[in-house]
Amino acid sequence: MNINIKTKNIELVDSLQEYVNKRLSSIEKFLKNKDAVVQVEIGKTTNHHKNGDVYKAEIIIDSGDTKAFSVSETDDLYKAIDEAKEEIVRALTSTKDRNQTLFKRGASSVKKMLKGLSKRNPFTSKY
């Protein structure tokens, strides 16, 4: 997994880079392709609707079969990174669960068809 970190309106210090790498290293177990590219953009934004400092963390994952995106804006940079990571994990697990469910439904349909319990063809969805 390749993590690219880009900053906006702040300086990338070693402690911040280590924090991002530590937090995002656990995402690798959700990806099939281990050569995935993870782009992280962190920075300080100027948002006229909120007072004080507003920090933004944006994570984009692009592996061959999986694409995911998350954004978080809070008053603390580390909290924004954590929230964006939680959102990306939620998106990856829901995609994984959806794919497993569809696979199991198709497999059970084929099994019923082969046993002769159902005349429905799972490949064409016709009887």
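FYI, it's all coordinate maths here, none of it is from the lab. Predicted, not measured: the structure shown is a model, and the values here were computed from it. Cβ atoms come from the backbone with ideal geometry, glycine included; neighbour counts cover every protein chain shown.
When shorter helices are ignored and each DSSP H run of at least 4 residues is given -39500 (n - 2.57), the per-residue value for the chain at 222 nm works out to -14000 deg cm²/dmol.
When the pairs 34/104; 32/56; 22/111 are compared against a 32 Å limit on Cα-Cα distance, 22/111 fall above it. If you take the alpha carbon atoms of the stretch 52-112 and fit the smallest convex hull around them, that volume is 61 Å³ per residue.
Once all Cα-Cα distances of the stretch 1-114 are split into 5 Å bins that start at 0, what whole-number percent is in each one? Percent of Cα pairs in each bin: 2, 11, 19, 19, 14, 11, 8, 5, 4, 3, 2, 1, 0. Taking Cα centre as origin and charging only the Cβ of basic (Lys, Arg, +1) and acidic (Asp, Glu, -1) residues, the dipole magnitude of the stretch 1-51 rounds to 220 debye.
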